[in-house]
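Enquirer: Structure provided below as structure tokens; questions to follow.
The values are calculated or read from the model by the stated rules, or taken from the named source; none is laboratory data. In this text, all values refer to a predicted model and were calculated from it rather than measured experimentally. Reconstructed Cβ throughout: ideal geometry from the backbone, glycine too, with neighbour counts over all protein chains shown. Just the protein is used for accessible areas: all its heavy atoms, side chains included, with ligands, DNA and RNA removed. Shrake-Rupley method; radii C 1.70, N 1.55, O 1.52, S 1.80 Å.
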Amino acid sequence: MPRPGYLNPFILDVASAESEVLTDHADLYLPDGPGPFPVVVLVPGMLREPPEIGPRGWPVFEGYAGALVARGVAAVVMDHDLSNGPDYPRALAEAVRTLDAATARPEVDSDRAAFWVFSAGGPLALALLAGHADRFGLLALTYPFLESEPLAPWPSREEAVAALDGHRLVVTTVGQEFPDFVPGQQAFLAAARAARADLEELTVRGGAHGFDSQEPTEDGRKTVTQAIAAVASHLLDA
């Protein structure tokens, strides 16, 4: 029986990094040394049904965490319940609780924190900006789901973009995206450009949604490497 796609190898060859349990829903990866290190909280999307193995055990997130650790940045891989229908308020609370737990650690620098949100976790990014922008300085999005119309009573795209002042934004999109995802992505990017946000846009022209755990391509590898470098360098220089 073929394994589920979310258990495919990560697109980059990355040395495995040791993790420890941070909370009942999150694992912490720390670089070698005393720190304090900047930190990235990796926020997954959702599946149609609960997976056999949660995102904390997916090679794609272990890979992103390992790549960040190799650059001297701590990483957190979190689980949240976005299966069996999206419970975004509950997932948002878990994301904030995860950042609180990470920044409470002496090895982590609370002044250099970021969220990296994937796929259908996208609406969480809007709420994190609108309600918690003072807690982090960088937001990365990879093939995000961003509604063209706001999810009432969720924060709107305009509220989120208004909170971007001073934040670095790194967005990765794909050329073969789910058609329903494209309008929201483009509307958010257009609003960020209009607001003159500190924005870095990356695109995998031939890539599909979830390209980073699919058959590797040169363009895909290059783009993931660029995204990781952009996130790490900004946090390390902050």
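Enquirer: As a test of the definition: which semi-axes, in Å, follow for region 123-187 when you take the square root of five times each eigenvalue of its alpha carbon gyration tensor? Largest first, please.
Expert: On the way: eigenvalues 80, 43, 13 Å².
Each semi-axis is √(5λ); the values are 20, 15, 8 Å.
Enquirer: Right, another one. What's the carbon and sulfur percent of region 113-238's accessible surface, probe 1.4 angstrom, rounded to a whole number?
Expert: Answer for region 113-238 is 51 percent, counting heavy atoms of protein chains only.
Enquirer: I've got another one for you. Counting only DSSP beta bridges with both residues in the chain, what percent are antiparallel, rounded to the nearest 5? Please report the intermediate quantities before stating the final value.
Expert: Numbers: 8 of 36 bridges.
Percentage antiparallel, nearest 5: 20.
Enquirer: Follow-up question, since we're still on this one. Taking the solvent-accessible surface of protein heavy atoms with a 1.4 Å probe, what is the per residue accessible area of the chain in Å²?
Expert: Working: 10810 Å² over 238 residues.
Result: 45 Å² per residue.
Enquirer: Students sometimes get this wrong: rank SER110, SER16 by accessible area, probe 1.4 Å, all chains present, largest first. Kindly include the intermediate steps, with their values, before the conclusion.
Expert: Values: SER110 60, SER16 115 Å².
The residues order as SER16, SER110, largest area first.
Enquirer: Please identify, among ILE53, ILE11, ILE228, the residue showing maximal mean-square fluctuation in a Gaussian network model of the chain using a 10 angstrom Cα cutoff.
Expert: ILE53
Enquirer: Could you pull out the longest piece of the chain with no exposed loop GluC sites (Glu not before Pro) in it, calling a site exposed if DSSP puts it outside H, G, I, E, B and it has at most 11 other Cβ atoms within 10 Å?
Expert: 53-238
Enquirer: To continue, here is another question. Counting only protein heavy atoms, what percent of the accessible surface of region 17-73 is carbon or sulfur at a 1.4 Å probe? Before the final figure, lay out the partial values.
Expert: On the way: 1260 of 2580 Å².
Within region 17-73, the accessible surface is 49 percent carbon and sulfur.
Enquirer: Whole angstrom only: what separates the Cα centroid of region 1-62 from the Cα centroid of region 184-238?
Expert: Here the answer is 19 Å between Cα centres.
Enquirer: Work out which helices of the chain, taken as complete DSSP H runs, extend at least 24 Å along their axis over the Cα atoms and score a mean Kyte-Doolittle of -0.5 or more, then list them.
Expert: 218-237
Enquirer: Same structure, new question: Which of PHE178, ALA162, ALA191 sits farthest toward the positive end of the charge dipole of the chain, with +1 on the Cβ of Lys and Arg and -1 on the Cβ of Asp and Glu?
Expert: Of the candidates, ALA191 comes out farthest on the positive side.
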